[in-house]
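Worksheet: one structure, shown below.
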Amino acid sequence: MHQDKIIGVTMGDPAGIGPEIILKSFNNININNLKIIVIGDFKVMELLKSKLHFPAYRLNRVVDLNHCVFRNDLLNVYDLAKVDIEKLKPGKVQAMAGNAAFHYVKFATELAKAGKIDAIATAPLNKEAMHLAGHLYPGHTEILAKFSGAKSYAMVLYDDKLKVIHASTHVSLLNAIKGLNKKRVEEVIQLAHDTLLKLGYENPKIAVAGINPHAGEGGLFGDEEIKEIIPAIRTKIKEGIRVEGPEAPDTVFLRAAEGSFDMVVAMYHDQGHIPLKLLGFHSGVNITVGLPIIRTSVDHGTAFGKAWHGTANE
């Protein structure tokens, strides 16, 4: 990241570990020369910094980007003032906190789309709390897509050991199977290819996981591969993309981790998340690809059990 670029960091659910891991991260020598603006609630950040006795850099409350001061001893907090600090209950699901987390992401997306910040990194929000507040989005990805105007997008989990892109994410397993179709598989293969090119892979190699045991075993264990996945792979091969499959889901992630493939297309949430989190729980990064803006995220939740105790690993 060029040091003249401005990165907006959304605070996440105020009752979760988001504020803490942001405060701790600002001490990291690898990022403290970057231009960072936390988009959240100043009082939450200030109270937690005081409560947990974090090192002696100051917080700078801003309500206008022109008032930001970028120094290593000063962390800018764009104050949306969505939280009544007297009513906030750390570690608890609350509509107030869910509402705040939603508005941080919405506002950051609008800033990025307007070119006022150059990228977004998001701390975790809690979907139950957000839904209690009436914001019925499955998660970050869908909020970002809605307010950035993106039509073709997907979730990538990225780690040095394994990279996974998902055909579906926050839907039930039943609906993931029902919704599987050739067009979406083609779309995600293309997004995988384009993403790897942007990451510096000259001729990326992509594997597509089947959705059934043994990738259907020629139709013995389901015909989704025959009807939807294989035709999509053949189309993308004809277009010049190096893609193979459908591969047996129980081995393809290991093969990718060992270097046979640069990225795996997973058919549903847990199919991709389980191997990635097994291999890179503390180092995996969530990237939303297909957006007109750059967005990355931690690959974990709000961890309410650890919230506001000072023990979260940034």
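The values are calculated or read from the model by the stated rules, or taken from the named source; none is laboratory data. From a predicted model like this one, the values you see are computed outputs, not experimental measurements. Positions of Cβ are generated from backbone atoms using ideal geometry, with glycine treated the same way; all protein chains shown enter the neighbour counts. The accessibility values were calculated without ligands, DNA or RNA, using every heavy atom of the protein model including side chains. Shrake-Rupley method; radii C 1.70, N 1.55, O 1.52, S 1.80 Å.
Condition (residue is of a type outside the set (A, V, I, L, M, F, W, C), within 23 Å of Arg184 (Cα to Cα), touching a residue at least 40 places away in the same chain (Cβ under 8 Å) and open to solvent by 20 Å² or more (accessible area, probe 1.4 Å)) applied to segment 300-314: is it met by at least one residue? No, there is no match, as no residue in segment 300-314 is of a type outside the set (A, V, I, L, M, F, W, C), within 23 Å of Arg184 (Cα to Cα), touching a residue at least 40 places away in the same chain (Cβ under 8 Å) and open to solvent by 20 Å² or more (accessible area, probe 1.4 Å).
Yes/no matrix, rows are residues, columns are (1) open to solvent by 20 Å² or more (accessible area, probe 1.4 Å); (2) assigned by the TED database to the domain that holds Leu254; (3) assigned to a helix (DSSP H, G or I):
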residue	(1), (2), (3)
Gly91	yes, no, no
Phe102	no, no, yes
Val105	no, no, yes
Ile120	no, no, no
His131	yes, no, yes
Thr141	no, no, yes
Leu144	no, no, yes
Val164	no, yes, no
Arg184	yes, yes, yes
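Is it true that Lys87 is over 16 Å from Pro19 (Cα atoms) and modelled with pLDDT of 95 or more? Against the criterion (over 16 Å from Pro19 (Cα atoms) and modelled with pLDDT of 95 or more), Lys87 qualifies. Cβ-Cβ distance below 7 Å, separation of 6 or more or different chains: which pairs start in segment 117-133 with a residue that is in contact (Cβ under 8 Å) with a residue 40 or more places away in the chain and end on one that is basic (Lys, Arg) and crowded, with 21+ Cβ neighbours inside 10 Å? Close Cβ pairs (under 7 Å, with a partner that is basic (Lys, Arg) and crowded, with 21+ Cβ neighbours inside 10 Å) amount to Ile120/Arg295; Thr122/Arg295. Does Leu191 count as closer than 30 Å to His103 by Cβ, open to solvent by less than 60 Å² (accessible area, probe 1.4 Å), not assigned by the TED database to the domain that holds Thr109 and not β-branched (Val, Ile, Thr)? In short, yes. Report yes if some residue within segment 198-212 is out of contact with any Ser or Thr (no Cβ under 6 Å at 6 or more places or on another chain), open to solvent by less than 20 Å² (accessible area, probe 1.4 Å) and assigned to a helix (DSSP H, G or I); otherwise report no. No: zero hits.
Consider segment 278-296 and keep the residues that are open to solvent by 70 Å² or more (accessible area, probe 1.4 Å) and touching a residue at least 12 places away in the same chain (Cβ under 8 Å). The one that is nearest to Ala256 (Cα to Cα) is Leu279.
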